[in-house]
Structure formats: structure tokens, C-alpha cells
1. How far, in degrees from 0 to 90, does helix A:122-135 lean away from the longest principal axis of the Cα atoms of chain A, to the nearest 10?
2. Could you work out how far the C-alpha centroid of region A:215-257 sits from that of region A:405-482, in angstrom?
3. Jot down the radius of gyration and Dmax of chain A, Cα atoms only, both in angstrom.
4. Please report the equivalent ellipsoid semi-axes of region A:210-338, computed as sqrt(5 x eigenvalue) of the Cα gyration tensor, largest first, in whole Å.
5. How many angstrom lie between the Cα centre of region A:160-182 and the Cα centre of region A:281-305?
6. Round to a whole angstrom and tell me the spacing of the C-alpha centers of region B:102-152 and region B:249-266.
7. Would you please state the base-10 log of I(q)/I(0) at q = 0.08, 0.10 1/Å for the protein assembly as shown, with intensities from the Debye formula using one equal scatterer on every alpha carbon?
8. If you project the alpha carbons of region A:264-450 onto the principal axes, what extent comes out on each, in Å, largest first?
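Just so it is clear, none of the values below were taken in a lab; they were calculated from the coordinates. Quick caveat, the model's predicted, so the values are computed rather than measured. With ideal geometry, Cβ positions are generated from the backbone for all residues, glycine too; neighbour counts draw on all protein chains shown.
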């Protein structure tokens with residue numbers, strides 16, 4: 001029994017009205033799917049069925065793309081940048097006004113702690129819309145020529161780890177640059193995108209500018225292969241990303257892919273150790289490790305290894321795992337049974353390959369999908385847990401002796417999305433950031449995001465950039481005759 | 001909740017005396033402590049401040065906070081009458097409710113220690129006295145020692161001394177060390193709280209070094225501020241000091257207390273400090289022996305919130321005594 005036991009502090013779910021079933025959002029209205037099939041969205045913390053979700057088939061995808069095309073040619077492409085910006089500002093403000101509702105819904109559908117959906121996801125969503133709203137009437141000055149033109153209809157497919165934030169990363173720049181969109185949220189987390197559809201109605205966005213179709217991989221494939229889609233933007237696994245790249249090869253479609261990662265978080269012996277430990281924790285346990293840029297490989301200089309590991313383990317005993325809606329929860333539920341099975345499988349492989357597994361003592365709820373924060377020590381580059389993306393709260397710890405070895409190990413991966421460097425030496429930070437083959441290098445911090453900062457991968461972590469001025473380029477015909 | 005790093009102490013008596021044997025070795029040791037990243041430390045403190053402490057946890061925290069208060073008056077206009085009134089409040093903070101615990105101590109200037117001692121009689125409430133030329137500390141060592149001896153002779157259980165910030169900032173760590181050791185000696189059996197005046201040290205690296213320096217010199221408690229300099233206590237400064245006492249116990253086996261002072265006025269602030277203690281140094285520090293609040297107006301807010309939790313409504317400020 002601990003002395004200072006925090007009493008339950010649940011956020012009320014009364015603010016959210018989850019309907020029993022949802023249709024597809026096409027042409028500004030919710031419509032039933034042509035074939036009438038549906039699937040269920042489940043609360044991963046309780047396994048409770050939340051709603052029946054329509055599954056879009058071929059006709060529905062056609063209808064959505066056609067609605068987007070019509071909206072593009074009839075209204076959106078002829079609106080001034082200032083008017084497009086006006087709609088985006090309006091959407092951003094509504095998101096702020098309804099932020100608590102969105103945060104609660106996101107935590108229920110995804111399993112992430114309310115502290116994160118409230119303090120990280122939703123504020124970033126609003127910030128992204130505000131940021132790109134500001135660009136809408138300034139595209140001529142963005143460095144992409146005097147009158148850069150949109151592609152037309154963008155097909156966008158997003159993952160389940162940051163459902164609404166990934167929607168914002170996709171929709172905000174697409175709309176700001178004058179494209180219209182058909183977006184498919186992940187099948188396990190469609191609810192916040194469907195609430196966003198209501199926000200589009202509330203903002204009186206012209207019908208068809210944003211279309212949201214729900215479904216699984218098949219629906220996504222139909223969208224990718226649709227002949228009237230000009231641009232594909234995808235965030236998700238490297239495996240699916242490769243399939244998409246193959247599919248659009250030889251067509252006139254453009255694609256940006258933001259894929260997996262196996263980021264190295266490099267701690268030097270002169271690092272601010274207490275803050276480095278915080279960075280390690282937020283690097284891998286933020287959002288249950290369901291983060292493509294998660295710092296899943298900890299590289300510690302051998303001379304401070306014992307100290308860092310002891311501090312890290314002590315810190316992990318204070319992590320609170322449980323009810324995502326409790327305001328004191330640090331680590332929530334794993335998003336799906338399927339993902340949980342994958343995390344378990346790879347962790348078991350880690351053990352059988354000889355790495356040492358450690359978790360702090362923590363009680364997991366009986367129902368729902370849960371995995372304790374886990375640290376593997378004695379990991380080598382050859383272990384699968386050091387190479388494959390686990391996408392869960394599992395940290396692999398490796399050591400290095402010299403800066404050159406740190407760089408070599410950090411770069412020795414097919415991925416290259418992000419990296420972290422912890423040192424008190426400014427010159428080393430600059431040197432490391434030049435050596436590391438990763439799209440984002442964080443210095444003395446980790447998992448920090450800002451809409452003005454571009455994000456994207458090297459190597460098998462994908463191509464194209466999202467965020468910042470660079471993120472506009474993904475939705476503009478750059479270097480082509482307009 | 002928070003386990004210790006191990007039972008092995010890496011700084012035993014012999015090595016400790018090595019560290020403190022010369023100005024050079026002291027400097028080498030203090031500058032070899034892990035750096036503090038300013039942004040990261042503040043982010044961690046802000047993150048812990050979002051903990052939501054409700055119902056039974058809040059009741060526990062309020063009573064604990066009351067029992068940790070050093071009820072303080074340090075004004076030029078302090079009189080025996082004012083101190084006697086404060087001592088009576090310290091023993092029975094809410095006359096209408098005997099279940100309210102007494103505070104930990106009263107904290108006064110040295111000339112009023114005898115008054116406080118007499119007013120408190122055999123109560124459990126301790127008498128703490130500021131000394132050593134409080135608040136600036138700009139007197140000779142002889143005067144500081146005399147100041148301390150007088151306070152202890154008059155009945156002080158605890159002495160709150162200030163460090164020589166000028167010497168610290170000039171890098172004269174040995175001088176600061178010697179002074180604390182000399183005052184500790186003058187304290188005799190009285191507990192020594194050493195005020196870093198973190199508002200004048202400016203950086204978290206300095207706070208960490210000063211914390212270790214004064215712990216090595218014999219402090220029983222490290223305290224943030226005099227209350228006369230802004231900023232006084234802050235959450236990130238207290239976080240860095242809690243890390244220091246935690247690491248100090250891990251390396252030497254000796255547990256040191258922490259006292260944030262100045263600017264803590266509301267119950268919700270006090271609860272944030274307790275969360276910080278709980279999740280940084282650990283629950284061993286959740287006791288008046290190891291954590292104190294240097295405050296005056298905080299007590300009435302705690303009493304008001306406490307009553308609200310019991311009765312379900314707020315009473316007006318006139319229902320809480322102003323002593």
C-alpha cells in the first residue's frame with residue numbers, strides 16, 4: 001500500500017455523444033454505404049463495442065472521389081486563398097471549442113490517456129489547422145514559384161495511433177493549397193474523423209471538399225487505385241507503404257509516404273541524466289509506444305549505462321498504467337487485439353533471442369488490451385527487437401563506446417524517421433545531427449512536435465515532408481508547367 | 001513506491017572527506033555532477049503539475065500539507081504579541097475543529113525565539129529561527145555563529161541559515177562549505193536548514209551544485225528561499241532539489257529534508273509540491289521530518305479547502321483566524 005494513493009480522477013464521458021451507427025461522409029452529408037456492410041469500433045480499454053461503422057465499397061469510393069472532383073472543379077479551386085483560409089480558421093476555432101469532446105472521444109476509441117489527448121493531440125490538431133490556414137493566401141511567397149497550383153483530388157489514408165492529429169496533418173495542408181480530399185481513417189479508430197465530418201458541416205465547408213470514407217485495407221486500396229485521384233498521402237506501415245508505391249508507379253499520381261521507424265535515442269555520458277530519463281520515457285512510452293518516431297532503441301554510452309538504467313527503472317515504477325479516461329493515467333490501452341498479439345510475439349522473440357526482459361510491477365485491468373511498459377537489456381544489433389518496429393511500449397537498450405560507434409549503430413537500420421541526442425555539449429549535437437540519417441533529430445528532448453516543423457523519413461521510413469512550409473510542397477505542382 | 005538505487009553507498013565516510021578536503025576537489029566533484037537541462041526540468045515539473053488529486057487523496061494531502069507547514073513571520077514589524085498569536089494558531093489551526101493537525105513549526109527572527117518557545121510550551125510544534133544575518137547573510141562568520149548560538153540558547157529546535165551567495169557565485173565553494181560546517185557546529189543538537197536562495201543562483205545547474213555542497217557540509221534540510229527575493233520557491237527548483245536529496249541518499253546513505261519557502265499560497269500549489277515529492281524523491285519524504293512548506297497564508301487556504309471537503313460548501317474568509 002502506498003502512502004499517497006491517488007484516488008480515481010475520471011474525465012466524464014458525458015460530453016461525447018457516440019451514435020450507434022455511422023454512415024459515410026460524402027458530398028457534405030452522411031450517407032449509407034451502397035452495399036450496406038459494416039464493422040464495429042471497439043473501446044480497447046474495455047472491449048466494449050462503441051458503434052457500427054459503414055464499410056465503403058467500390059461504388060462508395062467512386063462516389064466520394066466524384067464528390068471531391070466536383071467540389072474541386074466547381075467551388076474549391078476557384079476560391080481565393082483568403083477564402084480557403086477563412087474556412088480553415090473556422091475549423092481550427094471549432095476544434096478548440098470542442099476540444100474536450102474530441103479528447104474524450106479520441107481516448108475512448110484509441111485507448112490513449114486523456115492527459116495526452118487533452119494536452120498533446122487535440123491542441124496540436126488545432127495548431128495545425130491554424131498554421132496552414134495562415135498559408136492559404138500566401139502560397140505565392142512559399143518558395144514554390146509565383147502561382148503554384150494544387151493537384152486536385154487527394155486520397156489520404158491515416159493510421160490509428162494519432163487518429164485526429166494524422167487527419168489534421170493530411171487535411172489542413174491539402175485544403176490550404178486548394179486540393180479537395182477523400183480521407184480514410186483506420187478501421188479501429190474512425191470516430192474522431194467522423195466527428196470531424198460534423199465539424200466540417202458546422203463550419204459550412206462547401207460539400208465535397210472533405211469526404212470521409214470508412215473501411216479497412218480493401219477500401220484503402222480502392223482509394224489508392226482510383227483513376228481520378230491525383231495524389232496519395234499515406235501514413236502507416238512500411239509494408240503497406242511499399243504496396244502503395246508499387247501501385248502508383250507508372251501512373252501520374254503523386255505520393256507522399258510516412259512509414260515506420262526504429263529510432264535511436266542516444267545518451268552520452270555528459271547528458272543531463274534526469275532529463276534524459278524523462279526523454280527516454282516519453283520517447284517510448286508516450287502513446288503506449290504507438291508512435292512511428294518512437295525512441296524504441298536506446299543507445300547508452302557504456303560509462304553511464306548502470307546509472308542510466310537504474311534511474312530509468314526507478315522512474316518506470318512511477319508510471320501509472322490503466323483507465324485511459326483517468327486524468328492520472330500515463331500509459332493507456334493497446335489499440336487492438338491484433339496489435340497486442342504483435343507486441344507479445346516480438347517481445348517473446350526478444351526473450352528467446354537472449355535479451356533480458358524487465359517490467360515494473362503493475363496491475364493490468366482484466367478486460368481490454370494491455371501490455372506493461374517493458375525494457376529489454378542486453379540487446380544487440382542482431383536481435384529482431386533491435387531491428388523491427390514493435391509499435392508498443394517496449395524499449396530495447398544497447399550500448400556504445402564512442403560517438404562514431406553511436407552513429408554507426410543508430411544508422412544501422414532500414415528506417416530513418418527520427419533520432420534523439422542527449423549531451424551537454426553543443427558541438428556534439430550539431431555533429432550528430434549531421435551524421436544521423438533521420439528526418440528529425442531531437443536534441444535533449446524527444447517527441448516534440450510543432451506545425452511549423454517539417455516531419456518525414458529517410459530510407460524505408462518514407463518520402464515527402466509534412467508540416468511547415470515543406471509540407472505545402474506535397475500538395476502543389478512544383479517544377480511542372482502549371 | 002520509489003525504490004532506492006541499491007544499498008551500496010558509493011560515497012562512504014572516507015571518500016566524502018576526500019571530496020571535501022580541498023577547494024579543488026570540491027569544485028571537481030560539484031562540476032562533475034550530471035547537468036540539468038533547463039527546458040526538460042521545467043517540462044517535467046509542469047507535467048507532474050497536471051496530476052489530478054481528488055477526494056480521499058486530496059483529504060490526505062491537505063492534512064499532510066498542514067502538518068508540514070513552518071508557519072512563518074519574518075517582518076520588521078514582528079512583535080511578541082504577533083508571535084504569541086501565531087504560536088497559538090500553529091498548535092490549533094482551526095479552533096472549531098480539533099481533528100486538524102498542528103503545523104510542524106513556527107519560524108521567527110532570533111530575538112523572538114524565547115517568546116515563541118514560551119508560547120508553545122510542551123507542544124509538538126517546533127521553534128525554528130532564521131539566523132546568520134538573514135536574509136542577505138552579509139556578516140562575518142563570527143556574527144553568524146553568535147546569531148546561531150543565541151537562537152539555540154533561547155530554545156530554537158531548528159535554525160534556518162542562509163548561504164553566502166556571493167561566495168558561491170564567485171566559485172569559492174570551500175568558503176561556503178566552511179561557513180555551513182561552522183554554523184552546524186554552533187547549532188549543537190538543533191536541526192540545520194540551509195537556504196540556497198535559488199532566486200539568486202539563477203540556473204538549475206547552480207541549484208544542483210549548491211544542494212550537494214550544503215548537504216556535504218552537514219545540512220539537515222535544504223531550503224529554497226528566504227521569501228525576500230523573487231522568484232522564491234518554484235516547482236522546477238524544488239524538483240532539482242528533490243533529485244539532489246534522492247541521489248545524495250543513494251550515494252551516502254544519509255537522508256536530507258527539503259523545504260520550499262515563499263510564494264506557496266494555495267492548496268492546489270501545495271498539492272502539486274506533494275505530488276512532486278511523491279514521484280521524485282519518493283514517499284519516504286512524505287512526512288514533516290523530511291518535507292516542509294515555508295508559508296504563512298497557505299495555512300488558511302488549506303483550512304478552507306479542508307472544511308469544504310467535509311461540509312460541501314465554502315465558508316467565508318472571516319471564519320478562519322488571521323493570526
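1. That works out to roughly 50 degrees.
2. 23 Å
3. 22.1, 70
4. Details: eigenvalues 300, 79, 20 Å².
Ellipsoid half-lengths, sorted descending, are 39, 20, 10 Å.
5. Answer, in whole Å: 28.
6. 19 Å
7. For the protein assembly as shown, the Cα-only Debye profile gives -0.76, -1.05.
8. Here the Cα extents, ordered largest to smallest, are 49, 34, 32 Å.
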